[in-house]
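S.K.: Below is one structure. I have some questions about it.
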Amino acid sequence: MNPPTRHRILHLSDTHIGADGHDEDGVDAAAALDRILHDARHVPDLDLVVVSGDIADDGSLDGCAAARERVGRFAADRGIPHVYCPGNHDTRRSFAAVLGSGHLAADGTDAGELADPAAELRTAVSVVRGLRVVTLDSLVPGAVHGVLGDEQLRWLRSVLDRPAEAGTVVVLHHPPIALPSSPLMASVNLRDADAFAAALAGSDVRAVLCGHYHLQVSGFLAGVPVWVTPGVVTRIDLTAPPRLERAVTGAGATVVDLGGPGSPMFHTLHARDPRAGRQVYLVDAVSGVDVPAE
Ligand SMILES: [Fe+2]
């Protein structure tokens, strides 16, 4: 039998659920996740759900558990796995306690293989119908930017040495790309993007899936498409003047199609939220000082 060549992924990110269900800006993050999952219920033929970090806004066990419960129910209904990586708001301790390796089967059992089971890093791999799914841990405790580091990249190169049946998708929180017009993005993105690019070059990686920016943007790294999915809890509104950062409500997600014509293809879903577009904050992107609503 030929290996399966098409895969469809629901890509979520930045659920930011705090212990009380809200994020630090007072947005009902649990409700935002409920809304996008409800509105995604008609997406057919999903093979996998991915959540690319900032799962718990406050790094709490309860925040992780609330995200796992909701995403896990969606995945269990479809009989598909759900996979998570940590973001800068997460703590490895809560992540590990609730999500294990981050690679969960439809029935909730841990299906991932950690790069180093003795290490704190939540770097892991699993295979879904021939597609190799790699999650990287770019979390730097106390920092907003991300780093992978030599050891993790060495592991990645060793994994990618051997091609997978249906190729590989790599998931990490911090994008290795940034819009040239946004100094903010360049200050919070993945610091060792060049070394990451060297690990991807010539490999079977079909796409790199990221979060963190709370907006959709695509680019390339070593010829591999990089996709940044919009946030579930809020969306950064790029119609704000360049010096300002404006966040608005309106949960988003991405459907990633691998293996078909035009692959990889990415299309976004926007929750049918009557409150979508309501401003959550407007800040000076350099100083971080709040700006009065426009
Ligand atoms: Fe983040």
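S.K.: Only one of (1) under 17 Å from Val248 (Cα atoms); (2) surrounded by 24 or more Cβ atoms within 10 Å (Cβ to Cβ) is not met by His7, so which one is it?
M.R.: Result: His7 fails condition (1) only.
This table checks each residue for (1) basic (Lys, Arg); (2) more than 18 Å from Ser181 (Cα to Cα); (3) at pLDDT 95 or above.
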residue	(1), (2), (3)
Gly231	no, yes, yes
Asp237	no, no, no
Glu245	no, no, no
Gly250	no, yes, no
Met265	no, yes, yes
Arg272	yes, yes, no
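S.K.: Take Asp62 and decide whether it is free of Cβ contacts under 8 Å to residues at least 24 places away in the same chain, under 21 Å from Asp110 (Cβ atoms) and surrounded by fewer than 23 Cβ atoms within 10 Å (Cβ to Cβ). Please lay out each step first, then the result.
M.R.: Values: free of Cβ contacts under 8 Å to residues at least 24 places away in the same chain: no; under 21 Å from Asp110 (Cβ atoms): yes; surrounded by fewer than 23 Cβ atoms within 10 Å (Cβ to Cβ): yes.
It is false that Asp62 is free of Cβ contacts under 8 Å to residues at least 24 places away in the same chain, under 21 Å from Asp110 (Cβ atoms) and surrounded by fewer than 23 Cβ atoms within 10 Å (Cβ to Cβ).
S.K.: Only residues that are within 15 Å of the ligand (Cβ to nearest atom) and part of a helix (DSSP H, G or I): list them for the stretch 65-93, please. Before the answer, list the steps.
M.R.: Filtering the stretch 65-93 for residues within 15 Å of the ligand (Cβ to nearest atom) gives 67, 84-92.
Scanning the stretch 65-93 gives Ala67, Arg92.
S.K.: In the stretch 198-229, which residues are within 16 Å of the ligand (Cβ to nearest atom), in contact (Cβ under 8 Å) with a residue 40 or more places away in the chain and not hydrophobic (A, V, I, L, M, F, W, C)?
M.R.: Residues satisfying the conditions are Gly211, His212, His214, Gln216, Thr229.
S.K.: Here's something else I'd like to know. If a residue must be closer than 27 Å to Asp28 by Cα and either of a type in the set (A, V, I, L, M, F, W, C) or over 20 Å from the mean Cα position of the chain (by Cα) (or both), how many such residues does the stretch 212-242 contain?
M.R.: Initial filter on the stretch 212-242 (closer than 27 Å to Asp28 by Cα): 212-217, 227-241.
Imposing the further condition that a residue be either of a type in the set (A, V, I, L, M, F, W, C) or over 20 Å from the mean Cα position of the chain (by Cα) (or both) reduces the set to 215, 217, 227-228, 232-233, 236, 238-241.
Total satisfying the criteria: 11.
S.K.: Another one. If a residue has to be in a loop (DSSP other than H, G, I, E, B), of a type outside the set (A, V, I, L, M, F, W, C) and within 16 Å of the ligand (Cβ to nearest atom) to count, how many in the stretch 143-184 make the cut?
M.R.: Summing the residues that are in a loop (DSSP other than H, G, I, E, B), of a type outside the set (A, V, I, L, M, F, W, C) and within 16 Å of the ligand (Cβ to nearest atom) in the stretch 143-184 gives 6.
S.K.: While we're on this one: Can you confirm whether the stretch 183-194 contains a residue that is of a type in the set (Lys, Arg) and surrounded by fewer than 21 Cβ atoms within 10 Å (Cβ to Cβ)?
M.R.: Looking only at the stretch 183-194, we keep the residues that are of a type in the set (Lys, Arg), and these are 191.
Filter once more, keeping what is surrounded by fewer than 21 Cβ atoms within 10 Å (Cβ to Cβ): 191.
The answer is yes, given that some residue of the stretch 183-194 is of a type in the set (Lys, Arg) and surrounded by fewer than 21 Cβ atoms within 10 Å (Cβ to Cβ).
S.K.: Now for a different question. Which of the residues that make up the stretch 160-215 are in contact with a Pro (Cβ under 9 Å, 6 or more places away or on another chain), among the hydroxyl-bearing types (Ser, Thr, Tyr) and modelled with pLDDT of 95 or more?
M.R.: Answer for the stretch 160-215, where residues must be in contact with a Pro (Cβ under 9 Å, 6 or more places away or on another chain), among the hydroxyl-bearing types (Ser, Thr, Tyr) and modelled with pLDDT of 95 or more: Ser203, Tyr213.
The values are calculated or read from the model by the stated rules, or taken from the named source; none is laboratory data. Everything numeric in this text was worked out from a predicted model, so none of it was measured. Because the Cβ atoms are built from the backbone with ideal geometry, glycine has one as well, and the counts that use them run over all protein chains shown.
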